[in-house]
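Student: This is the structure I have questions about; it appears just below.
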Amino acid sequence: LLPLSLLSSLHNAYAATTRLSASQQKKTEAREKAIKMAKMRAAGQDVVGMTKEAAELRSYELRKKKKKGILKRREASLAQVLFPGASPEEYVAGERIPAFVELVESKKTQLPFEYYDLPTCPEPHEKIQKRFKWRKNLGSRLMGHQHKMAPFIFSAKGDVSCTTLCMMEVGPKNIRWMRKLVDRQYRINLTLDQLPV
């Protein structure tokens, strides 16, 4: 008779190898399925047809989308998923807080301007804009709000003294235009951490 400890260790080793082989088998099946679907797409198989192959391709595409999931980029709380524009955001000390600008609007006139139509600093680089994307809630989607990344830099729990953002030359024509905008009470709508500033 074998001792009980030896039997349990043999059983654990056998279970680990079967688990490993099952996961390897799933990976190979998934790889084969992906190759098969790629060949079907290359052969010109449509997704909207009523054939068995079209249904299989639709099912595969849907399963692939489900695997991506809601929380793809970073972990989020349930409140952030359910209420994307209204949930609180947590920042680490020194982390950059994105600021967004909307249209430049006036209560006197009905003609809004884009923020970057004004003689201001240029838009941030595309990489920065992709990193800090505005998450629209249902209300802002229905209102058609177009938020663009502001050129201002804010960081959490950071004391920053007066710094130069950029140097620009503004001609006399633009100065007259800016004075008219001030006289007509145009205001810039700036949003910091989903809150109006």
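Student: Give me the number: length gained by fully extending His125 to Lys157, i.e. 0.36 nm times residue separation minus the C-alpha to C-alpha distance, one decimal in nm. Can you show the working numbers first?
Tutor: Details: separation 32, 0.36 × 32 = 11.52 nm, distance 2.40 nm.
Gain on extension, His125 to Lys157, equals 9.1 nm.
Student: For Lys107, go through the aspartates and glutamates and keep the ones whose alpha-carbon is under 18 Å away, minus same-chain ones fewer than eight residues off.
Tutor: Within reach: Asp183.
Student: Let me ask something else. Please give, to one decimal in nm, the separation of the simple spin-label points placed at Lys173 and Lys39, each 7 Å out from Cα toward the Cβ.
Tutor: Taking the simple label geometry, Lys173 and Lys39 are separated by 6.4 nm.
Student: Next up: For Phe154, what residues show an amide H to amide H distance below 5 Å, using hydrogens built from the backbone and excluding near sequence neighbours?
Tutor: Hits under the 5 Å cutoff: Ile97.
Student: How long is the gain from Ala30 to Ser106 if the chain were fully straight, where each residue apart is worth 0.36 nm and the alpha carbon distance is subtracted?
Tutor: Numbers: separation 76, 0.36 × 76 = 27.36 nm, distance 5.69 nm.
Contour length minus Cα-Cα distance gives 21.7 nm.
Student: I would also like to ask the following. Structure shown: which of Lys33/Lys64; Lys108/Lys148; Lys148/Lys173; Lys148/Lys180 lie over 22 Å apart, alpha-carbon to alpha-carbon?
Tutor: Flagged as over cut-off: Lys108/Lys148; Lys148/Lys173; Lys148/Lys180.
Values in this text are rule-based calculations from the coordinates and carry no lab data. A quick note: this is a predicted structure, and the numbers were derived from the prediction, not measured. Here the Cβ is made from the backbone with ideal geometry for all residues, glycine too, and neighbour counts use every protein chain on show.
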